[in-house]
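Let me begin by presenting the structure, written as structure tokens, before commenting on it.
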Amino acid sequence: LHLSIRRQRQMCIRDSFVTLAEADAFDDKNFHRVVADFVIQDGCPRGDGWGGPGYSIVDELSWLPYDEGTLGMALSGPDTGGSQWFITLAPQPHLNAGYTVFGQLVAGPSHAVHQGTIIRDVVIERI
């Protein structure tokens, strides 16, 4: 999967994702949540959807729409972002303004991902 990270006001969430990726926190982890026509989700260090990085991030909600391929920060309530992120598999307007949009899928078969698919390596390319 090739993701483009947005350069916008959501600095903490974006910076946390990049820092974790550069520290190999997502490498060799599995997509623990896959819901057809909704999302694929990863970023759990335990691999079961209940783990996090040991800190939480204050919500940085955006008004950008959740179209197909949108990268967002998963939450379990207000101000609970951390390491778990998701990519939408179809437009999800009910997520708009409720979760932080911080990137977009630009290449890769997100619909081919199934629960348990392993991410071998997340590479951040700075341009």
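In µm²/s, what is D for the chain at 4 °C and 1.567 mPa s, where D = kT/(6 pi eta Rh) by Stokes-Einstein and Rh is the Kirkwood radius from Cα pairs?
It diffuses with D of about 90 µm²/s by this estimate.
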TODO: Let me know the longest stretch in the chain that avoids all trypsin sites (Lys or Arg not before Pro) found in a DSSP loop with at most 14 other C-beta atoms within 10 Å.
DONE: 47-119
TODO: Report residue 19's accessible area, 1.4 Å probe, all protein chains in place, as a number in Å² to the nearest 10.
DONE: 90 Å²
Open item on the list: Defining a contact as two alpha carbons under 8 Å apart and six or more residues distant in sequence, what relative contact order in percent does the chain show?
Closed with: 36 percent
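The values are calculated or read from the model by the stated rules, or taken from the named source; none is laboratory data. Predicted model only: the values in this text are computed from it and were never measured. Cβ sites come from the backbone with ideal geometry, for glycine too, and all protein chains shown count toward neighbours. Areas reflect the complete protein model, heavy atoms only, side chains present, ligands, DNA and RNA absent. Shrake-Rupley method; radii C 1.70, N 1.55, O 1.52, S 1.80 Å.
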